[in-house]
Amino acid sequence: MNRTDGTRTRRALAAFALALAITLTAGACGKDGSPPVKGPQPEKLPRYRVATGFRLPDSPTWNRAERRGHLIVGAKEDQPYLGEKDPAGGRYSGFDIEIARMTAAHLGFDPAAIVFRTIASANRETALQNGQIDYYVGTYTINDNRKKLVGFAGPYYLAGQSLLVRADEEDIKGPQDLAGKRVCSAAGSTPFQRIEAEYPRADLVAYDTYSICVDNLLTYQVDAVTTDDTILLGYAAKVPEELQVVGTPFSREPYGIGVPRPDNALRFAIDDAIEANEKNGNWKKAYDATLGLSGVPAPEPPAIVRYPAS
């Protein structure tokens, strides 16, 4: 076996290890003396007080959820520290999941009763328009084109697009170095569209999930993965000896909570929920217990944009 083959074998093993790391959650246990599994620690997460007597009669979405007895929230399941699903127990965890839970409590629903549904990036608008979900929390960038299809509360976080490469990569320092490189992102995502429009010499590859992109990066099938820095930092933290985030963010990605477009009452109520949880400390506590595990301290949350009803 030559050096290159040996390196690729190690990368394949690393990809397998990363897949295992992503599927294991904080509920998993190791033997005495083994390193703790990285992930949100339940005892460090905020406890959300459910609002009593809350009513939102002008929101058809809220009224359906009240009759149903719980909220149905769209989310991601493969983004470390943001939105992950434990394949064994089915529990979701991460910063976006906590945003969904604190919002639910403010709206008068028990966060423990939320039904989360994994929705791919390309299907978010359809899921909201068809009533498959009540709202969506999953690294969902607010932009004018999407506002034509759905409503947005927030933003609750400001991210920026960046690049994830292998640890020994020396040629890619930023998006200007992507000409002729195979670059992977999620189909239908804002990062995919930006690379396509602004860096057309890159060889774009799309999948439904970023985890597939990362697996392909570790096994030399692509040269870089691009999406928001928050997502990439989570993957790099899983196997820091194999992956690195390079350069500085080259976009502004305000994360919002997607709601059905006609339901302005729900949108404004969720704006109130985000603001209240930023003020009472729940937002920062949720960040510290989730995204904060990547080593990046909590930023100041962005100002909420309460754009008028249309």
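Which value, in Å², gives the accessible area per residue of the chain when a 1.4 Å probe is used on the protein heavy atoms?
Details: 14160 Å² over 310 residues.
Here the per-residue accessible area is 46 Å².
Summing +1 for each Lys or Arg and -1 for each Asp or Glu, what net charge is found among the other residues whose Cβ lies under 15 Å from the Cβ of P200? Don't jump to the answer; show the numbers that get you there.
Numbers: positive: K181, R182, R194, R201; negative: D177, E196, E198, D203.
Here the charged neighbours net out to 0.
Quote to one decimal, in nm, the extra length available between E43 and T219 on full extension: 0.36 nm per residue of separation minus the C-alpha distance between them. Working shown, then result.
Working: separation 176, 0.36 × 176 = 63.36 nm, distance 3.64 nm.
Taking E43 through T219 to full extension adds about 59.7 nm, to one decimal.
With the Cα gyration tensor of the range 191-310 giving a ≥ b ≥ c as the square roots of its eigenvalues, does the rule (a/c under 1.5 for rounded; else a/b larger than b/c for prolate; else oblate) give rounded, prolate or oblate? Let's see the in-between values first.
Values: a/c = 2.55, a/b = 1.51, b/c = 1.69.
Note, shape of the range 191-310 comes out oblate.
Rounded to whole Hz and in sequence order, give me ³J(HN,Hα) for the range 104-118 from the Karplus expression 6.51 cos²θ - 1.76 cosθ + 1.60, θ = phi - 60°, writing x for Gly and Pro.
Per residue, the Karplus-derived 3J(HN,Hα) values read 4, 4, 4, 7, x, 10, 5, x, 5, 9, 4, 9, 8, 10, 6 Hz.
Around R306, what is the net charge, scoring Lys/Arg as +1 and Asp/Glu as -1 over all other residues with Cβ under 12 Å from its Cβ? The partial results should precede the final answer.
Values: positive: R267; negative: D271, D272, E275.
Net charge in that neighbourhood comes out at -2.
When DSSP assigns beta bridges and you keep just the ones with both residues in the chain, what percent turn out antiparallel, to the nearest 5?
Values: 21 of 34 bridges.
So the antiparallel bridges in the chain amount to around 60 percent.
Whole-Hz ³J(HN,Hα) for each residue in the range 134-140, computed from phi via Karplus 6.51 cos²θ - 1.76 cosθ + 1.60 with θ = phi - 60°, x for glycine and proline: what do you get?
Using θ = phi - 60°, the values come out as 7, 7, 10, 10, x, 6, 9 Hz.
If you roll a 1.4 angstrom probe over the protein chains with everything in place, what fraction of the accessible area of the chain belongs to carbon and sulfur, to the nearest %? Mind showing how you got there, number by number?
On the way: 7170 of 14160 Å².
Carbon and sulfur atoms account for 51 percent of the accessible area of the chain.
Figure the gain on full extension for Q129 and A51 (residue separation times 0.36 nm, minus the Cα-Cα span) and round it to one decimal in nm.
25.4 nm
For labels at K279 and A179 in the simple 7 Å Cα→Cβ model, what's the distance in nm?
A separation of 5.3 nm, rounded to one decimal place.
What's the ranking of 215-221, 239-245 by average number of surrounding C-beta atoms within 10 Å, highest first? Mind dumping the intermediate values first?
Numbers: 215-221: 19.4, 239-245: 16.3.
Ranking the peptides 215-221, 239-245 by packing returns 215-221, 239-245.
Expressed in nm to one decimal, what extension gain is obtained for the pair E170 and Y307 from 0.36 nm per residue of sequence separation less their Cα-Cα distance? Can you show the working numbers first?
Values: separation 137, 0.36 × 137 = 49.32 nm, distance 4.37 nm.
Gain on stretching E170 to Y307: 45.0 nm.
Which net charge results for the neighbourhood of V259, defined as the other residues with beta-carbon distances under 12 angstrom from its beta-carbon, given Lys and Arg at +1 and Asp and Glu at -1?
Working: positive: R124, R146, K147, R261, R267; negative: E125, D134, D263, D271.
Local charge sum for V259: +1.
Between A113 and V296, with labels modelled 7 Å along Cα→Cβ, what's the label distance in nm to one decimal, could you check?
3.6
Classify the range 44-85: rounded, prolate or oblate, from the alpha-carbon gyration tensor (a ≥ b ≥ c, eigenvalue square roots; a/c under 1.5 rounded; otherwise prolate if a/b is larger than b/c)? Walk me through the intermediate numbers first.
Working: a/c = 3.33, a/b = 1.64, b/c = 2.03.
Taking the square roots of the gyration eigenvalues as a ≥ b ≥ c, the range 44-85 is oblate.
The values are calculated or read from the model by the stated rules, or taken from the named source; none is laboratory data. Not measured: the values here are computed from a predicted model. For neighbour counting, all protein chains shown are included, and Cβ atoms are generated from backbone atoms with ideal geometry for every residue, glycine included. SASA here: full protein model, heavy atoms, side chains in, ligands and nucleic acids out. Shrake-Rupley method; radii C 1.70, N 1.55, O 1.52, S 1.80 Å.
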